[in-house]
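The values are calculated or read from the model by the stated rules, or taken from the named source; none is laboratory data. Here the structure is a predicted model, which is why all the values come from computation and not from measurement. Cβ coordinates were reconstructed from backbone atoms using ideal geometry, including for glycine residues, and neighbour counts include every protein chain displayed. The protein model used for the area step is the full one, side chains on, heavy atoms only, and it has no ligands, DNA or RNA in it. Shrake-Rupley method; radii C 1.70, N 1.55, O 1.52, S 1.80 Å.
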Amino acid sequence: MIKNIHLKDIKKIALEAGKAIMEIYKRDFIIEYKEDKSPLTEADTKANEIICASLLELYPNIPLMSEENKQTDYDERKEWEYYWCIDPIDGTKEFIKKNDEFTVNIALIHKNTPVLGVVYAPAIDAMYSAKKGDGAFLNGVKLPLKVNHEKEKKLSVVASKSHLSQETQEFIDNLNTQEIEQVSKGSSLKLCMIADGTADIYPRLAPTMEWDTAAADAIVRESGKMTYQFDSEEPIVYNKENLLNPWFVVK
């Protein structure tokens, strides 16, 4: 199945969604709030329409899971061999703040593992992509871009810009290294920073959903890194009955 999925097609879809997002980003837009109090803009809705329609046209036999769609019952989706896991705009809060740190996330999941991922940050024109066995890339350049060979002396730690929990900060403060450089970043760009080597560790001891991480997690894994469950050091898995991720550490 994955041999028949062309990464360039998925990148093109992300670019199209990104273009529509940026047209809305540059003007005033309406903000609504979902039942869980999370924000929703017309850009989320428009990007979702573009991504879902394009994927269904290219790959009509692969089911979709998107943050902005009604979720399929677990009894049905647990039988899925492959499926798309989509977040049309990851970092809607960053989009509203207009700080450029938001992404289009498209992942292909095989059973419970991300095997293809595209993360596109349209405001900064950064295209991260990966396909299992083929490596991970940023704008066509193979990842990682840099490697820290002196982690015992200095660690670069990236944390959430809008959701930094007390538990996450305590974890960072207790890291075993001489010097800690702490950077805040929005959206799935945090995972991508681990993949490209501009940060060494990303602890997330706070809630996230599967669509928040799936695409960037594919990129992390193809760059030679891993997203570990905080309490077990096992990789996080997808298509769970509860779509909430456990706490995790990317390194």
Seminar exercise, completed: Of all stretches in the chain that avoid GluC sites (Glu not before Pro) placed in a DSSP loop and having at most 12 other Cβ atoms within 10 Å, the longest is 153-232
For this session: Find the lysine pairs in the stretch 1-68 meeting two conditions, Cα atoms under 25 Å apart and a separation of 8 or more places or different chains, and report how many there are.
Result: 16
Exercise. Over the heavy atoms of Y33, what accessible area does a 1.4 Å probe trace out, to the nearest 10 Å²?
Worked result: 150 Å²
Exercise. Debye sum, Cα scatterers, the stretch 63-218, no solvent: what log₁₀ I/I(0) at q = 0.10, 0.18 1/Å?
Worked result: -0.38, -1.13
Seminar exercise, completed: Subtracting the Cα-Cα distance of V183 and T45 from 0.36 nm times their residue separation yields 46.7 nm
For this session: Before rounding to the nearest 500, sum -39500 (n - 2.57) across all DSSP H runs of length at least 4 in the chain and divide by the residue total; then give [θ] at 222 nm in deg cm²/dmol.
Result: -9000 deg cm²/dmol
For this session: For the stretch 1-141, would you read off the P(r) tail past 22 Å as a percentage of all alpha carbon pairs?
Result: 38 percent
Exercise. Of the accessible area of the stretch 1-97, with the probe set at 1.4 angstrom, what percent is carbon plus sulfur?
Worked result: 50 percent
For this session: Using just the alpha carbons, could you tell me how many Å³ per residue the convex hull of the stretch 86-164 encloses?
Result: 144 Å³
Problem set entry | Rounded to whole Å, sorted largest first: equivalent-ellipsoid semi-axes of the stretch 203-251, Cα gyration tensor | 16, 13, 9
Exercise. If you bin the C-alpha pair distances of the stretch 119-183 every 5 Å from 0, what whole percents do you get?
Worked result: 4, 14, 16, 16, 17, 19, 14, 1
Problem set entry | Lysine pair number, Cα distance threshold 24 Å (strictly under), the stretch 72-151, separation 8 or more or different chains | 10
Exercise. If eta is 1.567 mPa s and T is 4 °C, what Stokes-Einstein diffusion coefficient results for the stretch 158-251, Kirkwood Rh from Cα pairs, in µm²/s?
Worked result: 97 µm²/s
